[in-house]
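The values are calculated or read from the model by the stated rules, or taken from the named source; none is laboratory data. On a predicted model such as this, the values are computed, not experimentally measured, just so you know. Cβ placement follows ideal geometry from the backbone for every residue including glycine, while neighbour counts extend to all protein chains displayed. Just the protein is used for accessible areas: all its heavy atoms, side chains included, with ligands, DNA and RNA removed. Shrake-Rupley method; radii C 1.70, N 1.55, O 1.52, S 1.80 Å.
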Amino acid sequence: TTSEFGHQLHPENLLENTEGTLQVFVISSDIMVPKDIVNLKAISSDNSVIEILGIEDGADKFTKNIMVKAKNSGVSSIVLAASGFSSKEITLEVFNNNNYPTQIMMKITPQEFTIDGPRYGHITLELATTGGLPTLALEDTIIHLDTPNKDTIKLKNSEVTITNGEYYVTTEFEIIGSGDAIIFAETEGMT
């Protein structure tokens, strides 16, 4: 049977002259399944926009992390291939940076967990302009994280910092029970 690739970009938007992670996993009916990906290959269609730095195993054995460098603004495609999988082309856009941060955006991966699936998830927090475009921190920005669902998930950090000149930070959480959970992220002066 041919398997399908699922993916998530951390951070969700790339700024030029920064690095990010394209997380790859196996999906079935749009849900992550606990299956290893062997001999994953990734190729960028335009190395002047996005360069692939390497591929690493994720925190659990069910994900692969493709480290990418966003070099210049523009659009590039990443082609994924591995034996037993349908090949997949992912289009990524790299933005230039010329704006002031007014909001934080949060992305959780994966958003749903199966009983026999991974026990850890990732939280990416990103600074953005009013228009939703990524932008660099003008100073160290401390973001506070909390959840009222402490019987369902355990946050790795209750506080993270996006350092001056960066625009995102990634942290983790652990699944400790079943049910729905909410994660709050807040920082002074931003939506």
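A few comments on the model shown:
- Within segment 126-158, being touching a Leu at 6+ places or on another chain (Cβ under 8 Å), part of a strand (DSSP E or B) and open to solvent by less than 40 Å² (accessible area, probe 1.4 Å) holds for Leu127, Pro134, Thr141, Ile143, Leu145, Leu155.
- In summary, strands (runs of 3 or more DSSP E) completely within segment 16-75 and bearing 3 or more residues that are farther than 28 Å from Ile162 by Cβ occur at 18-28.
- Restricted to segment 36-85, and to residues there that are of a type outside the set (S, T, N, Q) and out of contact with any strand residue (DSSP E or B) (no Cβ under 9 Å at 6 or more places or on another chain), the residue that is farthest from Gly121 (Cα to Cα) is Val38.
- Of residues in segment 88-120 being assigned to a strand (DSSP E or B) and of a type in the set (Phe, Trp, Tyr), the one farthest from Pro34 (Cα to Cα): Phe95
- Filter pass, Ile123 being surrounded by fewer than 21 Cβ atoms within 10 Å (Cβ to Cβ), of a type in the set (A, V, I, L, M, F, W, C), at pLDDT 90 or above and assigned to a strand (DSSP E or B): no
- Subset of segment 41-59 that is under 14 Å from Val24 (Cβ atoms) and open to solvent by 30 Å² or more (accessible area, probe 1.4 Å) - its residue that is modelled with the lowest pLDDT: Ala59
- Checking each residue of segment 18-28 against the condition of being of a type in the set (A, V, I, L, M), more than 22 Å from Val169 (Cβ to Cβ), open to solvent by 40 Å² or more (accessible area, probe 1.4 Å) and under 19 Å from the mean Cα position of the chain (by Cα) gives no match.
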